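Here's the structure, in structure tokens; my notes come after.
Read-outs throughout are calculated quantities, based only on the coordinates presented, and are distinct from any laboratory measurement. None of these values were measured; they are calculated from a predicted model. Positions of Cβ are backbone-derived with ideal geometry, glycine not excepted, and every protein chain shown enters the neighbour counts.
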Amino acid sequence: MKFEELNIRPEIVKALTELGITDATQIQEKSIPIIKEGIDLIGISKTGSGKTLAFGVPLLEKVIPGKGLQAVVLAPTRELAVQISAELAKFGKHLKFRIATVYGGVSLEPQVQDLTRSEIMVGTPGRVLDHLNRRTLDVSRVHTFVLDEADKMVDMGFIEDVEIVLKAAPRDRQILLFGATISTEIDKLRQRYMHEPQTVEAEQYVTEDLLKQYYYSVDYRQKFSLLVHLLKTEHRGRAIIFCSARSTVDMVAKNLHKQGIDSEAIHGKLSQSKRLSIIGDFNKGKIDLIVASSVAARGLHIDDVTHVFNYDLSQDPQEYVHKVGRTARAGKEGKAITLLSERDHQAFGEILKRYRLNVEELPLPEFARVPFDASRPHSSGGFNRRFGHHSRDSHHGGSQGRGRSYGGSRGDSYGDSRGSSSSRPRSREMTRRRD
Ligand code: ADP
Ligand code: MG
């Protein structure tokens with residue numbers, strides 16, 4: 001779609017044309033009309049898809065020269081803040097406005113001067129907060145807040161700073177949140193600060209023809225056995241096993257090792273450099289199996305994955321899409337296999353409600369049962385916590401586990417005798433087609 005068709009001010013269209021930008025990208029086409037209506041927006045698309053322009057253009061249209069600070073853009077790094085300012089200046093070349101770019105590591109004074117005469121501020125959360133605390137920043141007339149690369153700001157630990165800035169903002173401000181991924185933390189921002197936001201996602205994370213999605217309904221006590229069976233029988237190359245909690249990641253990796261299956265565990269407790277070195281080994285082919293928590297794997301570049309296994313599901317439906325999107329990339333086929341026990345069904349239902357996915361149920365194969373030691377990998381001797389109640393993630397307490405019922409008659413049965421427990425969703429309900 002041409003920018004003219006998006007009802008953009010001629011001064012901006014002119015500047016864009018001069019930059020050789022005439023056709024809107026998908027995220028721009030989808031977000032600009034919503035932003036222009038004043039609606040809060042969550043915009044998700046890949047790096048390089050033109051998110052700066054998507055929020056920048058409507059923001060520039062709205063800003064009135066000489067009326068004080070009206071728009072605030074928060075970005076995770078100094079480099080990005082500088083880049084956004086430069087882009088805005090280019091798009092707004094034929095408009096009158098000033099931008100203050102504020103970030104840490106340099107003196108405050110020049111920024112203070114800039115802030116007094118700018119209509120737009122672009123900054124990193126820490127320094128912005130600094131100015132707010134020193135009262136050199138007044139957000140009382142700011143009508144638009146942009147959180148760019150919100151996911152990165154969360155990863156970098158800026159969420160509290162961001163929240164303080166948002167709390168200082170007027171009630172009726174518009175919030176635009178952009179990023180490449182969405183997490184539970186971002187969901188919190190949405191719930192606390194945004195007003196009935198619309199979510200637009202530009203690129204499909206899931207390419208249906210190349211990505212085959214399957215699920216098994218399996219008793220939680222046999223989940224690990226099924227996983228081992230699948231790892232041994234699936235014709236796979238490199239694979240990732242996702243677990244919703246860090247403790248599960250460790251337990252699964254440790255138990256796989258006992259079954260002679262080597263893997264590396266990645267979770268939030270590892271340093272970024274350790275994570276990167278594991279991913280490096282993976283991409284180089286030194287290891288072919290990673291057990292990861294969803295948060296830890298985010299933003300890491302992982303190549304050539306043939307299989308994604310979801311050992312369990314987190315509450316955030318969007319994570320499923322990101323996880324399965326780790327495979328079937330760059331024109332290659334991939335398989336995503338989700339293991340659902342009772343406690344995952346609700347989360348899975350939410351995923352299917354939100355996304356139109358084609359996920360096929362597979363009948364349980366015959367598989368050998370293997371032991372699962374649910375004690376924490378790093379707990380030192382003494383009290384044997386095996387089969388204990390210590391962790392909400394230890395779903396494998398055998399018959400001595402917690403007293404919850406998982407589908408009565410289905411009980412311990414496996415193989416082909418998949419009972420017709422009413423608590424298990426029907427295959428047809430679970431399967432939605434994208435049309
Ligand atoms: P993102 O924030 O999604 O990673 P950017 O906003 O940084 O992407 O844009 C990436 C590049 O694409 C920039 O150089 C930008 O000028 C350019 N660009 C943005 N929109 C368009 C468009 N509609 N047509 C051509 N180039 C574009
Ligand atoms: Mg960007």
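Observations
- With the highest mean first, a sort of the peptides 169-181, 219-231, 357-369 on other beta-carbon atoms found within 10 angstrom per residue produces 219-231, 169-181, 357-369.
- 5 angstrom amide H check on Leu289, placed H, neighbours 5+ away: Ala239, Glu264
- Packing-based exposure ordering (other Cβ within 10 Å, fewest first) of Thr101, Thr199: Thr199, Thr101
- FRET E, pair Arg134, Thr184, Förster distance 35 Å, beta-carbon r, rounded to 0.05: 0.60
- With θ taken as phi - 60° and the Karplus curve 6.51 cos²θ - 1.76 cosθ + 1.60 applied, the whole-hertz 3J(HN,Hα) list for segment 78-88 is 4, 4, 5, 4, 4, 5, 5, 4, 5, 5, 4 Hz, x standing for glycine and proline.
- Listed by chain and number, the lysines whose alpha-carbon sits under 20 Å from that of Lys223, ignoring those within fewer than 8 places in the same chain, are Lys232, Lys254, Lys258, Lys323, Lys335.
- Each of Asp187, Asp40 was scored by other Cβ atoms within 10 Å of its Cβ. Listed from fewest to most, they are Asp187, Asp40.
- Sorted fewest first by neighbouring Cβ atoms within 10 angstrom, Thr47, Thr136 come out as Thr47, Thr136.
- Proximal lysines relative to Lys14, as straight alpha-carbon distance under 30 Å, when same-chain residues fewer than 8 apart are discounted: Lys2, Lys30, Lys36, Lys46, Lys51, Lys62, Lys67, Lys90, Lys93, Lys96
- At most 14 other Cβ within 10 Å, DSSP loop - trypsin sites (Lys or Arg not before Pro), segment 241-289: Lys269, Lys286
- Selected from Leu74, Val112, Leu60, residue furthest toward positive end of dipole (segment 3-201; charges at beta carbon): Val112
- Distance histogram in 5 Å bins (all Cα pairs of segment 3-201, percent per bin): 1, 8, 18, 22, 23, 16, 9, 3, 0
- Proximal charge balance of Thr22 [Cβ under 13 Å; K/R count +1, D/E count -1]: -3
- Full extension of the chain between Arg141 and Glu5 gives 45.9 nm of extra length, using 0.36 nm per residue less the Cα-Cα distance.
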